[in-house]
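> Here it is, the structure in full.
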Amino acid sequence: MNTEPKASALRAGRWITLLLLSAAANPGNAGELVAPATLVVDQSLPKAQLEQQILAARRYDTFWNTGDEAMARAALASDFRDNTLPPGRPQGVEGPLSASRAFRAAVPDLRCEVLQMIVAGDRVTAALRFTGHFSGKLGEHQGQGQAIDFIAMDIYRVAEGRIAEDWHLEDNLAFMRQAGLVGR
């Protein structure tokens with residue numbers, strides 16, 4: 001019986017665990033970054049490429065968790081492209097920055113948890129969960145502290161250590177219902 005594939009998978013799993021633990025132990029590096037609850041990686045990718053892709057994704061997901069715009073700027077390429085750009089949102093790095101500001105005005109205690117991250121080829125897929133309370137303003141609507149809890153999926157294409165493109169889908173209907181902005 002050939003145990004090499006199993007042993008190889010165990011070594012890769014240990015390496016990823018060590019990568020996440022070492023990032024958490026280095027606050028000046030990646031220690032303040034959100035970590036995925038589950039991380040699945042393409043075992044054939046070079047270690048340096050995996051590190052770059054995971055770091056870019058964790059920086060961007062940390063931006064969504066904290067609103068720290070420096071994290072978004074560190075994660076996104078200067079020519080970043082949003083392939084699922086909602087109407088009215090600017091293309092490029094400014095798009096996510098303005099979206100975060102507007103959403104945090106409505107949900108000041110917004111948190112983003114990374115449920116799962118999958119790294120394959122030049123792509124990183126992140127399953128995200130957003131929580132908080134609609135206690136701010138969204139347009140003309142004033143929140144009353146309603147609990148918010150919805151999911152989103154992002155696919156990032158990473159090039160040269162930065163997110164060059166993004167495709168995303170948020171459960172906006174769940175958010176709107178929870179906020180009382182549409183009927184149940």
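> Which whole-number percent gives the relative contact order of the range 35-184, counting Cα pairs below 8 Å spaced six or more residues apart?
25 percent
> While we're on this one: So what does log10 I(q)/I(0) come out to for the range 35-184 at q = 0.10, 0.17 Å⁻¹, using the Debye formula with one equal point on every Cα and no solvent?
-0.35, -0.94
> Quickly rank 38-51, 61-74, 158-171 as a protection proxy: mean count of other C-beta atoms within 10 Å, highest first.
Final packing ranking: 61-74, 158-171, 38-51.
> Using the Karplus curve 6.51 cos²θ - 1.76 cosθ + 1.60 with θ = phi - 60°, what ³J(HN,Hα) values do you get for each residue of the range 100-107, in whole Hz, with x for Gly and Pro?
For the range 100-107, the Karplus curve yields 5, 4, 5, 6, 6, 5, 8, 10 Hz.
None of the figures in this text is laboratory data; all of them are computed from the coordinates on show. Here the structure is a predicted model, which is why all the values come from computation and not from measurement. Backbone-built Cβ (ideal geometry, glycine too); neighbour counts: all protein chains shown.
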